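What follows is a set of notes on a single structure, which appears directly below.
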Amino acid sequence: MNRVFAIAQNTFREAVRNKVLYALLVFGIGVILFALPLGQMSLSEQARVTRDVGLAGIELFGILISVFIGVNLVHKEIDRKTIYALVPKPLHRYEFIIGKYLGIVATLLLMVAIMSIMLLAVLFAQEAPIESTLIRAITMLFVELMVVTAVAIFFSSFSTPFLSGLFTLVLCVIGLSTDSLRILIKKLPAALQFVAGFALRLLPDLRMFYVSGTMLDGRWISIHQGNYVDWSYVALATAYGMGYATVILLLSMWIFSRRDFI
Amino acid sequence: MSAVLKVEDLAKTFILWEKGLVRKKIRAVESVSFSVEKNEIFGFVGPNGAGKTTTIKMLMGLIFPSAGTIEILGRRLIGHKTVDIEAKRVIGFLPENPYFYDYLTGRELLDFVGRLFGIPGPERQRRIHDLLDLVGLGRAGNLALRKYSKGMLQRIGIAQALINNPELVILDEPMSGLDPIGRKEIRDLIVQLRDQGKTVFFSTHILSDVELICNRVAIVVGGKLRDVGPLDKLLSPRLLHTEVVLETAGERREHRLPPTEDVDAFLLRALSEGHKVISVTPRRESIEDLFVREVEQSDTGMGAQHKLGREARP
C-alpha cells in the first residue's frame, strides 16, 4: 500500500506542477465567474443561471482535466522512459495503475474543490441560498470524473495520447447522450436494436451523474426546485460509477501487466 | 563461488506487424546463458543492436522472455507474465540514458524510490544523504533534475540504483555519453561498489572500460552469446607483433615486427646504426581485437555455434 501511495503522491505532485492544468483551471473559474454578468441579464434568475453555468463549467472543465491528465500522465511514463526506472523496482504493475489513478483522482478532487468554492462564493455574493442539492450535484460530477479518468487510463495503457484522448472524449459524448441514443436505437431494425442496445450498455452512462434538467423515472428533475434527487440516488450513482471505474481499471491493469516495455 | 545472477537459455522473439498485415518474427536474443558470481564486476559487451539492452530489460522485468529462466540469488525472477517482486528487492538498476521525473529534485527522486522499497523514513533520509555524497551531488540534491547535466543525471541514476543497498547492481551503458572524466568517475564508483562487497553487472560498448575493471565479460553479437569468461582466458596470449619506435635526427618512426622476428637483434642493429630507441611494445590480443574477431566470425557465420551459451574455455 505504501508503494501505491508513493506513486499516487508522485502523480499528484507531477499534475500540480503542470502549467496546462492551471490554464484549464483558470478557464473553468472564468466560466463560473461569467455567470455573474450573465445572471444580471436575467431578471431575478441570477442564482439559477449561476448554478447551471457553474455546474456545467465544473463538468466540462473537469472532463477536460480528467482526459488531459489521465491520458498524459500514464503515457508520459512510457514516452519519457521513466517507466524503465520504475518497473524494475519491487512493484507490481497493477500497483502502478492504481497509484496513477489515485494520484489523478486526488488532483481532480483539488480542482473540483477549487471550482466549487468559486461557485459557492459567486452564489454567496449574489445572496442566493446555498443548499445541499448543490453538494449532491457536485458529488455526482466528481464521481463522473472518476469514471472518465478510468476510461482515459484504460485507453492510454495501450494507445497513443492523441488516440486515447480522442476515444475518451468520444465515449464522454456518447455517455452524456445515452437517452437520445436509446430513442434512436428504438428506430433501428429488431436485430440491430439488440446489438446497439447491448453496446450502449457496455459504455458508461454519464447522464446519470448530471440529472438536473432531465427526465428521471418519468418525472422532471431540477436542481432549482424541491424535487432534486436525494442522497440515496447519489449513493446509487456513486456505486455505479465506482463499479464501472473498477472494471475498467482491472482491464487496464491486465493489459499493462502483460505488455513489454521495448 | 555462488551465482548471484543465473541466466539459462534466455530468448526473446518480437512479433511485428508490417503494414498491419504481415506477421514478422524478430529474434532479438537467442538462447543466452551465463552466470554472474558474487562480488565480481561482469561486463556485458556487444555492438549496438546486439541484444544487450533487450537482455537487461528481461532481467529487470520490463520485457517478458519468450523462453529461458532468470534466477537472482536462487529465486526465479520471471514466471509466465509475472515477476517475483521479492527477487527485485536485492537489485539496483540504472537504465540506459536514464530519464527521471524532471520536476523532482535529486533528493525528492531518491525519497520516492526509497519509499517504493519500503525503507523507513529516518533510514531513508540517512541513505539519501550518504548516496548524494557518494555520487558527488551533495550540493545539487535540492536542484530540479531538469537542471542536471548528463553526467549529473547518470550519477543520480546510480544513487537511485543503490538506495536499497542492493546485492546486485545492474547498469545499462553507465558510461554512455560521458566525457573521459565522467567515465573515470563512474568506473571508480563501480570498483568502489565491488570493494563494498556488491556484485556489478554492466553493459557497454566502450571496450577500454571493460578491460580496466571487469573480472569477467560476456560478448553478445547478433542476439547470441559468443563468449563468456575472464578476460585473460578469452584473449589469446599469442604475440601479435612488437611495435618499436626509433628516432633518427629528431624524426620518429614506428616499426612493426612480426612475432617471428628477433627483437633483440633488431634493436642491436638499430643502435649500431645510430638510431635512438624510444619504445618497445609487445602487442598481444586486446579486447578490441577479440571483439572484432567475434563480430567478424558472426558476420561470416563461422563459429556461430561453438561457444554459444556455455562458459568460456578454462
Taking Cα pairs closer than 8 Å and at least 6 residues apart, the relative contact order of the stretch B:3-154 in percent is 20
Sites A:A239 and B:D102 - FRET efficiency at Förster radius 51 Å, r taken between beta-carbons, to 0.05
0.80
Rounded accessible area per residue of chain A, 1.4 Å, Å²
46
Of every hundred units of 1.4 Å-probe accessible area on the stretch B:239-284, the number belonging to carbon and sulfur atoms, as a percent, is 50
Value of [θ]222 nm, deg cm²/dmol, for chain A, DSSP H segments ≥ 4, -39500 (n - 2.57) each, nearest 500:
-26500 deg cm²/dmol
State to the nearest 20 debye the size of the charge dipole of chain A about its Cα centre, where the only charges are +1 on K and R beta carbons and -1 on D and E beta carbons.
820
Compare B:D111, B:D102, B:D264 in a GNM of chain B, Cα atoms joined below 10 Å, and give the one with the largest fluctuation.
B:D264
Partner shielding of B:55-62, taken as the mean number of other chain Cβ atoms within 10 Å, equals 4
Sort out the exposed loop trypsin sites (Lys or Arg not before Pro) in chain A (DSSP loop, at most 14 other Cβ within 10 Å) and tell me the longest stretch that has none.
A:81-186
Treating only Lys and Arg (+1) and Asp and Glu (-1) as charged, each at its beta carbon, one finds that chain B has a dipole about its Cα centre, in Debye to the nearest 20, of 1180
Hey, what's chain B come to in accessible area per residue, 1.4 Å probe, Å²?
47
Filtering trypsin sites (Lys or Arg not before Pro) in the stretch B:45-83 by DSSP loop and by at most 12 other Cβ atoms within 10 Å leaves B:K81
What FRET efficiency would be calculated for the residue pair A:E131, B:R139, taking the C-beta separation as r and a Förster radius of 60 Å, to the nearest 0.05?
0.60
Once the mean 1/r over all distinct Cα pairs of the stretch A:2-258 is inverted, what Kirkwood radius in angstroms do you read off?
19.4
Shielding of A:9-19 by partners, i.e. mean partner chain Cβ atoms within 10 Å per residue?
3
Keeping the other protein chains in place, figure out the carbon and sulfur percent of the accessible area of the stretch B:1-96, with a 1.4 Å probe.
50
The B/A contact buries a total accessible area, at probe radius 1.4 Å and rounded to the nearest 100 Å², of 3000
Would you work out what percent of the accessible area of chain A, with all protein chains in place, is carbon or sulfur (probe 1.4 Å)?
71
Flagged links, alpha-carbon separation over 24 Å, of A:K100/B:K88; A:K81/B:K198; B:K38/B:K88
A:K81/B:K198
Chain lengthening between B:R146 and B:S176 when straightened (0.36 nm per residue, less Cα-Cα)
8.9 nm
Just grab the label-to-label distance for B:D130 and B:N48, each label 7 Å out from Cα along the Cβ direction, in nm (one decimal).
3.9
Sites B:S208 and B:K25 - FRET efficiency at Förster radius 30 Å, r taken between beta-carbons, to 0.05:
0.25
Which whole-number percent gives the relative contact order of chain A, counting Cα pairs below 8 Å spaced six or more residues apart?
24
Put simply, what bits of the stretch A:84-108 lose 30 Å² or more of accessible area when the other protein chains are there, versus the chain on its own (1.4 Å probe)?
A:Y84, A:A85, A:L86, A:V87, A:P88, A:K89, A:P90, A:H92, A:R93
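The values are calculated or read from the model by the stated rules, or taken from the named source; none is laboratory data. Keep in mind that this is a model prediction, so the values were computed, not measured. Cβ coordinates were reconstructed from backbone atoms using ideal geometry, including for glycine residues, and neighbour counts include every protein chain displayed. All accessible areas refer to the heavy atoms of the entire protein, side chains included, with ligands and DNA or RNA removed. Shrake-Rupley method; radii C 1.70, N 1.55, O 1.52, S 1.80 Å.
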